[in-house]
Amino acid sequence: MAGGMFRWGQRGTAGAAIPARLTLQGVSKSFGAKSILKTLDLDIEAGEIVCLLGPSGCGKTTLLRLAAGIETPTAGRILLDGREVAGPDHFVEPENRGIGLMFQDYALFPHLTVRENVLFGLTAFPQDMAETAARRALARVGLETFADVYPEQLSGGEQQRVALARVVAPRPGVVLMDEPFSNLDRRMRDAVREETVALLREMGATTLIVTHDPEEAMRIADRIVLMRAGAVAQAGRPDALYRQPVDLEAARFFCDFNEIEGVVRKGRAETQLGFFDAPGLHEGTRVMVCIRPQGVRLRAAGFCLPGRLLARRFAGEVDLLEIAVSGLETPLKARLRDGQAFPEGSDVGVDIDPHEVLVFALSGP
Ligand code: ATP
């Protein structure tokens, strides 16, 4: 490992890109008989940072590869600033799309130095301009003194910065990143992620980042596109996906809920924990009541629902508690700031904050 981990260059020195709008119109992709993307529409505004989120195998990487031009769509069109780059009429080669692509494993060339790796993305530039752009990009990520070092001599975080410098050096209008932070350990990931997003915003490039980490998507994105089985399940601002998920599956992606089944009676969901508002659901509908762990409050024994504190774990800013409540098969999970006030094994009162509850209809018998 060479040098310090977190010394990035000065913010504001990356230079500006001319961001492009990226549009997918009815894009499908099949490999043989296997349909991976299903008539997918997506419009990313110039300068917007969008996170593609979804379970493994839902087609995130395939979508990114289509946008980059590494794959061709089976049907539909891909446009950059309204100009077709893939579709029935045209196909523009990846190197002519003005797109910067960054892979999960960084894809650095081991036999090239850091400087040469960055120059590799600048072959379309005259040599003196390429040298200047490479130097500037390396300075911006704080690696100018490592220009003549080979990738294997760098830490994982530094390799990530070289890959980032290579992507931003030509100032692409669109940046596509596939799980760019997943190879970093947690402590480094937060710092690298923050600096990377600062750099992307400073440059102004339209950015599409694939991730399977909802917390990461919420931190980074102007907009999250939640994918499921090759289609868009929900797209919107991070707070909208968190607060108003379209269905139970989307909800589960963003929160580790307490899930309690119930039935709608007179407009409310009836459960072992009492009644919860169930607007718009018909009488007799089976529902899943989802309670966020931070929505479970503890009171003195004798108030609200009777429960017993089974376990308490210290987790830094909050305590994680498990509470047995009569009639419930699994204990309730709670996240509390003042958990220490309740000793393990003690009787407690359980109160649920209705603002932290979502109710979804269950299909099937
Ligand atoms: P992960 O988070 O695991 O990377 P993903 O959402 O990015 O998943 P993709 O990598 O897009 O998913 O893959 C979607 C599906 O397409 C997978 O089932 C994969 O096996 C299949 N697939 C991808 N590329 C090809 C290919 N070249 N030939 C055949 N099948 C492929």
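Any residue that is assigned to a loop (DSSP other than H, G, I, E, B), within 16 Å of the ligand (Cβ to nearest atom) and at pLDDT below 95 - is there at least one of those in the stretch 74-89? Within the stretch 74-89, none of the residues are assigned to a loop (DSSP other than H, G, I, E, B), within 16 Å of the ligand (Cβ to nearest atom) and at pLDDT below 95. Selection of strands (runs of 3 or more DSSP E) fully inside the stretch 276-365 by the criterion of at least 1 residues being of a type in the set (Lys, Arg) returns 286-291, 296-300, 305-315, 332-336.
Could you look through the stretch 172-192, keep only residues that are surrounded by fewer than 18 Cβ atoms within 10 Å (Cβ to Cβ) and either modelled with pLDDT of 90 or more or within 16 Å of the ligand (Cβ to nearest atom) (or both), and pick out the one that is nearest to the chain's Cα centre (by Cα)? Result: SER182. Of MET203, MET288, all but one fail to be within 28 Å of GLY98 (Cβ to Cβ) and either touching a residue at least 40 places away in the same chain (Cβ under 8 Å) or within 13 Å of the chain's Cα centre (by Cα) (or both); the exception is MET203.
Here's a check for you: in the stretch 29-45, which residue that is assigned to a strand (DSSP E or B) and surrounded by fewer than 17 Cβ atoms within 10 Å (Cβ to Cβ) is farthest from the ligand (Cβ to nearest atom)? Let's see the steps before the verdict.
First, pick out the residues of the stretch 29-45 that are assigned to a strand (DSSP E or B): 29-31, 34-44.
The next check asks that each one be surrounded by fewer than 17 Cβ atoms within 10 Å (Cβ to Cβ); those that pass are 30-31, 34-35, 38-39, 41, 43.
On the way: SER30: 9, PHE31: 3, LYS34: 6, SER35: 9, LYS38: 12, THR39: 16, ASP41: 17, ASP43: 20 Å.
Of everything passing the filter in the stretch 29-45, ASP43 is farthest from the ligand (Cβ to nearest atom).
Scanning the stretch 210-222 for residues that are of a type outside the set (Asp, Glu), more than 12 Å from the ligand (Cβ to nearest atom) and surrounded by 16 or more Cβ atoms within 10 Å (Cβ to Cβ) returns PRO214, ALA217, MET218, ILE220, ALA221. Considering only residues in the stretch 265-275 that are outside any strand (DSSP E or B) and not hydrophobic (A, V, I, L, M, F, W, C), the one that is surrounded by the fewest Cβ atoms within 10 Å (Cβ to Cβ) turns out to be LYS266. Here ALA124 meets the list (1) touching a residue at least 24 places away in the same chain (Cβ under 8 Å); (2) within 16 Å of the ligand (Cβ to nearest atom); (3) assigned to a loop (DSSP other than H, G, I, E, B) almost entirely, failing just condition (2). Counting only residues that are near the ligand (Cβ under 6 Å from one of its atoms) and either surrounded by fewer than 21 Cβ atoms within 10 Å (Cβ to Cβ) or among the polar types (S, T, N, Q) (or both), the stretch 51-67 holds 4 of them.
Condition check: hydrophobic (A, V, I, L, M, F, W, C) and either surrounded by fewer than 23 Cβ atoms within 10 Å (Cβ to Cβ) or under 26 Å from LEU112 (Cβ atoms) (or both). Does VAL225 satisfy that?
On the way: hydrophobic (A, V, I, L, M, F, W, C): yes; either surrounded by fewer than 23 Cβ atoms within 10 Å (Cβ to Cβ) or under 26 Å from LEU112 (Cβ atoms) (or both): no.
In short, no.
Screening GLY262 with (1) in a strand (DSSP E or B); (2) under 24 Å from the mean Cα position of the chain (by Cα); (3) small (Gly, Ala, Ser) gives one miss only, at (2).
The values are calculated or read from the model by the stated rules, or taken from the named source; none is laboratory data. Just so it is clear, the structure is predicted and the values come from calculations on it, not from any experiment. Positions of Cβ are backbone-derived with ideal geometry, glycine not excepted, and every protein chain shown enters the neighbour counts.
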